[in-house]
1. Name the pairs: first residue in segment 56-69 and over 15 Å from LEU29 (Cβ atoms), second residue buried (at least 19 other Cβ atoms within 10 Å of the Cβ) and β-branched (Val, Ile, Thr), Cβ to Cβ under 9 Å, at least 6 apart or on different chains?
2. Of the residues PHE27, PHE40, only one is assigned to a strand (DSSP E or B), modelled with pLDDT of 95 or more, surrounded by 14 or more Cβ atoms within 10 Å (Cβ to Cβ) and not basic (Lys, Arg); which?
3. Where the second residue is modelled with pLDDT of 80 or more and open to solvent by 90 Å² or more (accessible area, probe 1.4 Å) and the first is farther than 20 Å from LEU66 by Cα and hydroxyl-bearing (Ser, Thr, Tyr) and lies in segment 1-14, which pairs have Cβ atoms under 8 Å and are six or more apart or on separate chains?
4. Is there any pair with a first residue in segment 31-44 that is hydroxyl-bearing (Ser, Thr, Tyr) and a second that is open to solvent by less than 50 Å² (accessible area, probe 1.4 Å) whose Cβ atoms are under 8 Å apart and which are 6 or more apart or on different chains, and what are they?
5. Going through segment 71-94 one residue at a time, which ones are open to solvent by 70 Å² or more (accessible area, probe 1.4 Å) and either under 17 Å from VAL57 (Cβ atoms) or without any contact (Cβ under 8 Å) to a residue 40 or more places away in the chain (or both)?
6. Out of curiosity, is ALA56 of a type outside the set (Val, Ile, Thr), part of a strand (DSSP E or B) and under 17 Å from ARG11 (Cβ atoms)?
Amino acid sequence: MHAEAFAPTDRWGAEAIGLLLSLPGHFGLVAAPGDAPSGFALGRAAAGEAEVLTIAVRPDARRAGLGRALMRALMAEAARRGAADLFLEVSEANASARALYAGLGAAEAGRRRRYYADGSDALVLRIDLTRPGG
């Protein structure tokens with residue numbers, strides 16, 4: 001699924017995903033609204049903070065609210081694990097993802113210059129999990 005959702009330079013293999021899921025504090029969520037999985041999210045939580053490692057939705061399942069549902073589930077799981085803040089990175093060029101995160105209450109907390117393979121900056125976003133709706 002990750003390979004379907006990302007450009008070749010940004011794809012993660014099954015081995016890398018499996019390794020992440022084996023580490024303490026890491027977790028994964030799968031969205032399967034039909035007969036087959038259509039998306040997933042990976043996160044980690046430790047010491048009162050959490051991070052979105054990746055979120056992937058198959059192209060044919062996009063624009064149906066699945067990304068938002070995955071993010072809300074990841075936020076709830078992170079809070080359940082004791083996180084007060086959730087951090088993530090998004091390409092400055094990814095307008096649709098930025099709109100999704102803004103709608104979930106994300107605010108810019110930093111920037112990583114030329115972080116992605118295409119040379120775009122990564123915006124570091126923070127979501128306050130202690131506020132209602134966050």
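The values are calculated or read from the model by the stated rules, or taken from the named source; none is laboratory data. Keep in mind that what you see is a predicted model, and the values were worked out from it rather than measured. Neighbour counts run over all protein chains shown; Cβ positions are idealised from the backbone, glycine included. Surface areas here come from the heavy atoms of the whole protein model, side chains and all, with no ligands, DNA or RNA. Shrake-Rupley method; radii C 1.70, N 1.55, O 1.52, S 1.80 Å.
1. Going by the 9 Å Cβ cut-off, the qualifying pairs are ALA64/VAL57.
2. Working: PHE40 fails: modelled with pLDDT of 95 or more.
Answer to the check: PHE27.
3. Pairs found: THR9/ASP118.
4. From residues that are hydroxyl-bearing (Ser, Thr, Tyr), the pairs are SER38/ALA31; SER38/VAL57; SER38/ALA61; SER38/LEU66.
5. Applying the first criterion (open to solvent by 70 Å² or more (accessible area, probe 1.4 Å)) to segment 71-94 yields 72, 80-81, 92-93.
Matches in segment 71-94: ARG72, ARG80, GLU92, ALA93.
6. Numbers: of a type outside the set (Val, Ile, Thr): yes; part of a strand (DSSP E or B): yes; under 17 Å from ARG11 (Cβ atoms): yes.
Yes; evaluated as a whole, the condition is true for this residue.
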